[in-house]
Amino acid sequence: MSFSALVSTTYEDQAPPPAPHLYTALADLGHELHFTEYLRTRMPLPDQAEALRLSDKAPLLQILRVTTGNEDKPLALEEFQLPGDDLEISYPL
């Protein structure tokens, strides 16, 4: 199933390209892209702790990135899960 934003494009009958190529494709369609990230820490589920090789007491950092386009229409959602016990994130202001 394709993104509604990709209907009537060369991507309609195929899986959307991965980021960052998805961003290029959406911009080429005339979307002005905006990104909002939601960050939170939480304790991982057992399978997440195993996959990330986390200790029993290490938190998980979860980042959800929502990409919106024209008229604030949601176009993409990405989720990142990272070990949060030895992590630093910086953002320019």
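Amide hydrogen proximity for G84: with H placed 1.01 Å from N in the peptide plane, the residues at 5 or more positions away or on another chain lying under 5 Å are L60, L61.
As a test question: what accessible area, to the nearest 10 Å², does S90 have when a 1.4 Å probe is rolled over all protein chains in place? For S90, the solvent-accessible surface is approximately 100 Å².
GluC sites (Glu not before Pro), restricted to segment 1-62: which are DSSP loop and have at most 13 other Cβ atoms within 10 Å? The qualifying sites are E12, E32.
For segment 19-30, 3J(HN,Hα) computed residue by residue from phi via the Karplus equation (6.51, -1.76, 1.60; θ = phi - 60°) reads 5, x, 5, 4, 4, 5, 4, 5, 5, 5, 7, x Hz, glycine and proline entered as x. Backbone amide hydrogens, once placed in the peptide plane, bring A76 within less than 5 Å of T67, excluding anything fewer than 5 places away on its chain.
When the trypsin sites (Lys or Arg not before Pro) in segment 12-79 are filtered for DSSP coil states and for at most 13 other beta-carbon atoms within 10 Å of their beta-carbon, the remaining sites are R53, K57. Heavy atoms of the protein chains alone define the surface here; on that basis the chain has 75 Å² accessible area per residue at 1.4 Å probe size.
Which far-off residues, 5 or more places away or on another chain, put their amide H under 5 Å from the one on L54, with H placed in the peptide plane? Answer set, sorted by chain and number: none.
Cα centroid separation, segment 12-32 to segment 57-92: 19 Å.
Through the Karplus equation 6.51 cos²θ - 1.76 cosθ + 1.60, θ set to phi - 60°, convert the phi angles of segment 78-87 into ³J(HN,Hα) values in whole Hz; use x for Gly and Pro. Taking θ as phi minus 60°, the curve returns 10, 10, 10, 10, 10, x, x, 7, 8, 9 Hz for segment 78-87. For F80, the shell of other residues with beta-carbons less than 10 Å away shows a net charge of -2, using +1 for Lys and Arg and -1 for Asp and Glu.
Summarise the accessible area of the chain (1.4 Å probe, protein heavy atoms) by the percent that is carbon and sulfur. Ligands and nucleic acids excluded, carbon and sulfur reach 53 percent. Normalised by residue number, the volume inside the convex hull of the Cα atoms of segment 6-93 is 133 Å³ per residue.
Karplus-based coupling profile of segment 51-60, in residue order and whole Hz: 5, 8, 6, 8, 6, 4, 10, 8, x, 10, with θ = phi - 60° in 6.51 cos²θ - 1.76 cosθ + 1.60 and x standing for Gly or Pro.
The values are calculated or read from the model by the stated rules, or taken from the named source; none is laboratory data. Not measured: the values here are computed from a predicted model. Methodologically, a virtual Cβ is constructed for each residue, glycine included, from the backbone with ideal geometry; neighbour enumeration extends over all protein chains shown. When the accessible area is computed, the model is the full protein with side chains, heavy atoms only, and any ligands, DNA or RNA have been set aside. Shrake-Rupley method; radii C 1.70, N 1.55, O 1.52, S 1.80 Å.
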